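Chemist: Following this message is one structure expressed as structure tokens.
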Amino acid sequence: MIRILTLTLAVLPLLASAQDTSPRNAYESRIETARHEYRKAISKQIRSAKSVELVLLRFDDVKKPDPFNDDESRFPIAPYGATCGIISTKKLNADECKDLLLALADQIEKRSHTGGAFCHYPIHGIRIYTAAIDDAANSDTIYTGSFCWVCKNFGFAYPDSAEWLDTTSSLHDIFNKLLPIPDEELRRFKTQFKSK
């Protein structure tokens, strides 16, 4: 009898708490759990990727795509539903950027993100593939995302939406080691955005 009473007293606050949860809060909690599970699954694939394409982007060339002219020479900025101009690309095999893949996978699968600042000036982009560089025709894209080191965020697309995740100083350093930002782009940015 004492055990039943103790168990009842322990469970009652949990039941009351569950009843206090609004339908909206319950929905949002489940959506966030589903997104986290999706990010974990993508992170697992990133860790086993075979090739990577790093991209230098034009931070001041973000535009909504033209629905009548699908320009594949531009890079997608998923959370904005926009594209960005490309300065250059660099293809690497997974061994050349193992540290980058591990750091990115670790960051993507984190449970929660703030999304950084309410801005995004893309300078680096990445495309991660399932097949080796020389087998691009048979490769699926695992992940595509743009990175802003000033706003400290990067894009992540879900099957039905997209959001900003947080960058890290480690990711910044690895990207800049593999594909340094040209001095002229840094000067252009500082000229346009002196306060940043």
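The values are calculated or read from the model by the stated rules, or taken from the named source; none is laboratory data. No experiment lies behind these values; they were computed from the predicted model shown. For neighbour counting, all protein chains shown are included, and Cβ atoms are generated from backbone atoms with ideal geometry for every residue, glycine included. Ligands, DNA and RNA are stripped out before the accessible areas are found, and what is left, the full protein with its side chains, is counted by its heavy atoms. Shrake-Rupley method; radii C 1.70, N 1.55, O 1.52, S 1.80 Å.
Chemist: Rounding to the nearest 20 debye, state how big the charge dipole of region 129-177 is about its Cα centre with +1 on each Lys and Arg Cβ and -1 on each Asp and Glu Cβ. Please list the in-between numbers first.
Modeler: Details: 2 positive and 7 negative charges, 52 e Å.
About 260 debye.
Chemist: Hey, got a sec? Which GluC sites (Glu not before Pro) in region 34-100 land in a DSSP loop and have at most 14 other Cβ atoms within 10 Å? Please report the intermediate quantities before stating the final value.
Modeler: Values: sites: Glu37, Glu53, Glu72, Glu96; in loops: Glu72.
Sparse-neighbourhood loop GluC sites (Glu not before Pro): Glu72.
Chemist: Would you kindly derive the ³J(HN,Hα) couplings of region 109-115 from the backbone phi angles with the Karplus curve 6.51 cos²θ - 1.76 cosθ + 1.60 (θ = phi - 60°), listing them in order in whole Hz, with x for Gly and Pro?
Modeler: Result, ordered by residue: 7, 4, 5, 9, 9, 8, x Hz.
Chemist: Could you derive backbone 3J(HN,Hα) for region 37-51 from the dihedral phi with the Karplus parameters 6.51, -1.76 and 1.60 (θ = phi - 60°), listing whole Hz in sequence and x where the residue is Gly or Pro?
Modeler: Whole-Hz 3J(HN,Hα) from phi for region 37-51: 4, 5, 4, 5, 5, 5, 4, 4, 5, 4, 4, 10, 4, 9, 8.
Chemist: State which entries of Lys40/Lys152; Lys90/Lys190; Lys50/Lys190 exceed 28 angstrom in Cα-Cα distance in the structure shown. Provide the component values of the computation, followed by the final result.
Modeler: Values: Lys40/Lys152 21 Å; Lys90/Lys190 25 Å; Lys50/Lys190 36 Å.
Table pairs above 28 Å Cα-Cα are Lys50/Lys190.
Chemist: Carbon and sulfur together cover what percent of the accessible area of the chain at a 1.4 Å probe radius? Display every interim value, and only then the final one.
Modeler: Details: 6560 of 12130 Å².
For the chain, the apolar C and S fraction of the accessible surface comes to 54 percent.
Chemist: Sticking with this one: Once amide H atoms are placed 1.01 Å from N in the peptide plane, what residues at a sequence separation of 5 or more from Gly145, or on another chain, have their amide H within under 5 Å of its amide H?
Modeler: Amide H to amide H, under 5 Å and 5 or more residues apart or across chains, Gly145 pairs with Ile126.
Chemist: Could you point to the residue in Leu171, Leu92, Leu54 farthest towards the positive end of the chain's charge dipole, with +1 and -1 charges on the Cβ of Lys/Arg and Asp/Glu respectively?
Modeler: In the chain, that residue is Leu171.
Chemist: Just how much of Arg47 is accessible, in Å², when a 1.4 Å probe is used and the result is rounded to the nearest 10?
Modeler: Roll a 1.4 Å probe over it and Arg47 shows about 90 Å².
Chemist: A follow-up question, please. Would you mind classifying region 30-191 by shape? Square roots of the alpha carbon gyration tensor eigenvalues, ordered a ≥ b ≥ c; an a/c under 1.5 is rounded, otherwise it is prolate if a/b is larger than b/c and oblate if not. Walk me through the intermediate numbers first.
Modeler: Details: a/c = 1.24, a/b = 1.12, b/c = 1.11.
Since a/c stays below 1.5, the shape of region 30-191 is classed as rounded.
Chemist: What dipole magnitude, in Debye to the nearest 20, does the chain give about its Cα centre under +1 on Lys/Arg Cβ and -1 on Asp/Glu Cβ? Intermediate values should be presented prior to the final figure.
Modeler: Values: 26 positive and 26 negative charges, 122 e Å.
With Lys and Arg at +1 and Asp and Glu at -1, about 580 debye.
Chemist: Picking from Thr114, Ala162, Ala82, whose Cα lies most toward the positive end of the charge dipole for the chain (charges on Cβ: Lys, Arg +1; Asp, Glu -1)?
Modeler: Towards the positive end, the residue furthest out is Thr114.
Chemist: Hey, what's the chain come to in accessible area per residue, 1.4 Å probe, Å²? If you can, show how the numbers build up before the last one.
Modeler: Numbers: 12130 Å² over 196 residues.
With the other protein chains kept in place, the chain gives 62 Å² per residue.
Chemist: Let me ask you something else. Which chymotrypsin sites (Phe, Trp or Tyr not before Pro) does region 87-164 hold that lie in a coil by DSSP with at most 13 other beta carbons within 10 Å? Don't skip to the end; give the middle numbers.
Modeler: Values: sites: Phe118, Tyr129, Tyr143, Phe147, Trp149, Phe154, Phe156, Trp164; in loops: Phe118, Trp149.
Those that pass, being in a loop and sparsely packed, are Phe118.
Chemist: While we're looking at this one, here's another question. Accessible area of Lys190, 1.4 Å probe, to the nearest 10 Å²?
Modeler: 140 Å²
Chemist: Please list, ordered by chain and number, the residues whose modelled amide H lies under 5 Å from the amide H of Cys151; skip anything fewer than 5 residues away on the same chain.
Modeler: The answer is Tyr121.
Chemist: So, one more: What are the ³J(HN,Hα) values, in whole Hz, obtained from phi via the Karplus relation 6.51 cos²θ - 1.76 cosθ + 1.60 with θ = phi - 60°, for each residue of region 78-93 in sequence order, with x given for Gly and Pro?
Modeler: Those phi angles translate into 3, x, 8, x, 10, 10, 9, x, 10, 8, 7, 10, 9, 9, 9, 7 Hz.
Chemist: Taking the alpha-carbon distance from Lys44 and a cut-off under 18 Å, which lysines remain once sequence neighbours fewer than 8 residues away in the same chain are dropped?
Modeler: Partners within reach: Lys98, Lys110.
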